[in-house]
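Down below is the structure, laid out as structure tokens.
The values are calculated or read from the model by the stated rules, or taken from the named source; none is laboratory data. What you see is a predicted model; the values in this text were computed from it and never measured. Ideal geometry is used to build each Cβ from the backbone, glycine not excepted, and the neighbour counts take in all protein chains shown.
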Amino acid sequence: MTEVARTRGSSSEIERGEVPEVAALGNVLKELFTRLGISQNQYAYRVHLDKSAVSRYLSGRRVAPQDFIDRLVQEIEDHLGAPLQLEAKEALRGRRLEALRVCSPDEFRLEGLRDELARSRRDTERAHRNIEALNALLDKKEAEARDVADDLTRLRLDWGAERSALARAREDLLRQVARLRQDLQDAEALRAEAERQTRELRDHVLDLEEELSRSAVGDLPLDMLKSRLLAMWEEERFPEAARELTEAAWSRPVGEVIELSDWLEECGAAMTPETFVADAGRLRPLEEALAFAPEAVLNWHPRMRDAWRAAVAARLTDRNAAAIYQRLRDPETRSNPEGDRVLAEALRRVPSDSDAAALVLAALAGTSSPTPLTRVARRLTVERPADPLGLGVLVKLAEAGRSDVVDDLLAHLLQLYPLDDLAKEAQELDHEQIDVLFDLVTGLEDAALLTHFAACLSFTSELIERLLETVHAHGRLGHLDLVGFPEVAACVNGWRRSRFK
């Protein structure tokens, strides 16, 4: 983004919400508007604009867009039944350019480029018409030269004097033809240059328009916006301040939004910084919303971080989950705590096991070894009363071939649940759910986790015996750590004795 130079106003100008050049434009527009003889609210309804926007344009608190000015001029001309003088329109355009020069130099430069592009197109059109005229004249002169040559051939033998005159006329015509051909060549060169310049200007205009489309045109400098917001809060004009902040959240450059969010946090809770960052995460293009992640992690207050994460999580779908998850990965450590938090927040809105599993699979698509999913595990297990062990999601992840994700989530599940609680929850499961859970645990590559889970059930004889039967059936009884977990060793010895009685 091109750096935009900002002109700062004095304190009195800030209090009035004016920059002199913007105020001058507003005065001219307001004078024109009075000719319509209607209220600003009525006009806003007529042209389908927000009445606050019309007020800001006419009061000189915001640079009016060119289409707003063109529409106002059209309405006035229709109302008066006569066109405005060309000088008045040019003066109005000059006022707007002066305002843009102060508040938005890039947009001022774009307007100049557009004018230059229009002139270049007119030059190209004139060159094209000139070439057509020269071609017609050249054809005419060449035809005259041929006619004279024919006459000269017929009279060559008898009319010496006339022959000399015709010869001179022919030579003169040939010289004219040569000059015309040179003129035509020069005109074609000028047209080619005009077309090249037009193409370059058009590309430049398109690039600058694309750049400026990402920021609001005619916005006042950031320091002036802060001063205006302070004045609004002091005067208890809270709805107007909220509208200004919402507009800034989606229209200001990313760097200015981060600076403004930090300033709002410094001002105190009354400034609602969490609402501002939530608007930025909700309203901006997704790539720009994700650009706040480093700032959100390092500097923001927890309330602001939570508001930003919730806004991004609300936009997470199966289609964009992988892009969001990968975009939040730390490029240096390759860890992804923000991705874990945002994915966990998104799962809060997912009611069914199938949808939850689909969202997790979509987010982890393309990752061979997912980073720790502590918060996702908590969201899928202890924070879902209907399925506290997350069995439904774990089964569907296993069926989809993501045993690595299942292992990770089970590892966190075992860490999240105290031993007694895990055993108690397991006892509440039906036989089919117990079989699924035991098959998943037995398939864990980490033998320490398998042993830890067995230790959790060592207090319930029925469950530990079923688990050991499952482990034995999978040929993994030897993987249990019987030295580090003597309670498991006691259960295994008792199970063996009961089997071989």
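Observations on the structure shown:
- Test: residue in the range 146-157 that is assigned to a helix (DSSP H, G or I), modelled with pLDDT of 75 or more and polar (S, T, N, Q): no
- When the range 43-82 is filtered for residues that are of a type in the set (A, V, I, L, M), touching a residue at least 24 places away in the same chain (Cβ under 8 Å) and buried (at least 16 other Cβ atoms within 10 Å of the Cβ), the ones remaining, listed by number, are L58, V63, A64, I69, L72, V73, I76.
- Restricting attention to the range 91-107, the residues that are surrounded by fewer than 17 Cβ atoms within 10 Å (Cβ to Cβ) and at pLDDT below 75 add up to 1.
- Only one of the numbered conditions (1) assigned to a helix (DSSP H, G or I); (2) without any contact (Cβ under 8 Å) to a residue 60 or more places away in the chain is violated by V102, and that is (2).
- Among residues of the range 390-407, those that are touching a helix residue (DSSP H, G or I) at 6+ places or on another chain (Cβ under 7 Å) and either at pLDDT 80 or above or surrounded by fewer than 23 Cβ atoms within 10 Å (Cβ to Cβ) (or both), counted: 12
- Condition check for D186: within 24 Å of R119 (Cα to Cα), at pLDDT below 80, under 24 Å from the mean Cα position of the chain (by Cα) and not basic (K, R): no
- Residues (modelled with pLDDT under 85 and buried (at least 18 other Cβ atoms within 10 Å of the Cβ)) located in the range 362-376: P370, T371, L373, T374
- A residue that is touching a Leu at 6+ places or on another chain (Cβ under 9 Å) and closer than 18 Å to A344 by Cβ occurs nowhere in the range 272-280.
- Being in contact (Cβ under 8 Å) with a residue 40 or more places away in the chain, hydrophobic (A, V, I, L, M, F, W, C) and in contact with a helix residue (DSSP H, G or I) (Cβ under 6 Å, 6 or more places away or on another chain) is a description that does not apply to A313.
- Some residue of the range 347-361 being among the acidic types (D, E), at pLDDT 75 or above, within 27 Å of the chain's Cα centre (by Cα) and farther than 23 Å from M304 by Cα: yes
- Residue count, the range 449-497 (criterion: farther than 15 Å from L422 by Cβ and of a type in the set (V, I, T)): 4
- Among the residues of the range 316-325, those that are among the aliphatic types (A, V, I, L, M) and in contact with a helix residue (DSSP H, G or I) (Cβ under 7 Å, 6 or more places away or on another chain) comprise L316, A321, A322, I324.
Conditions (1) closer than 30 Å to E235 by Cα; (2) modelled with pLDDT of 80 or more; (3) not assigned by TED's automatic domain parsing to the domain that holds R243, marked per residue:
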| position | (1), (2), (3) |
| --- | --- |
| E15 | yes, no, yes |
| V19 | yes, no, yes |
| G37 | no, yes, yes |
| R62 | yes, yes, yes |
| R71 | no, yes, yes |
| A88 | no, yes, yes |
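- Single residue of A473, A447, A423, A490 found to be surrounded by 15 or more Cβ atoms within 10 Å (Cβ to Cβ) and among the small types (G, A, S): A423
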